[in-house]
Amino acid sequence: MPLEAYLSTYGYWALFVGTVLEGETFLLMAVVLAYLGYLQWLPVLSVAFCGAYFGDQLFFYLGRLGRGAFLLKRTYWRVRLARAQGLLAAHRIKLILSYRFLYGLRGAIPFAIGISGFNAGRFAALSAVSALLWLVANAAVGCLLGYIGGAYFEPVQEIMGALSIVVALVVVVFLTKRFFRRDNGAKGISE
């Protein structure tokens, strides 16, 4: 199966899952691929928005319904949740509109907001605005990268699709390992 067929078959699904779990890396790759003609613009932007929004709602309701107890058993997540709760207490609305840009806290903040009892409808609306801001900012960066890659590095354009698949797989493995890592790597963190 040629690379274009793989991307058209699995690219949008990978983008959705990637934006639910992590976000920026997958969106940037998809925008570059759309810029280079491997993917279509409207589905890339729509899927990225939906994935980011769905991920926020998922973590919010895990916090709201108390279903995230497995996260709290891990020091890595407890530390991030404590940081998120501190930020939430000081800057509630600003945080909801900007947390997508805070590396390392993106999953913890919607979870903390859900635990806090914040109004679900208001969170849904603010989260949609936040997802749109995040989408526009990262799509602009992706377009710039696509322009640079397509205009100045023609050999890069020829291998961009294969390179994107390899990078996506590496990111998925990294995130999976990080999500499920044991507490033995968190020595020295006070509980």
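Key figures for this structure:
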| item | result |
| --- | --- |
| Order of Thr19, Thr25 - criterion: other Cβ atoms within 10 Å of each residue's Cβ, fewest first | Thr25, Thr19 |
| Karplus-derived HN-Hα couplings along the stretch 24-34 (A = 6.51, B = -1.76, C = 1.60, θ = phi - 60°), whole Hz, x at Gly and Pro | 4, 4, 5, 5, 4, 4, 5, 5, 4, 5, 5 |
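Only the coordinates and a few stated rules stand behind these numbers; no lab work does. Remember, it's a predicted structure, so these values are computed and weren't measured experimentally. Virtual Cβ from ideal backbone geometry, glycine too; neighbours counted across all protein chains shown.
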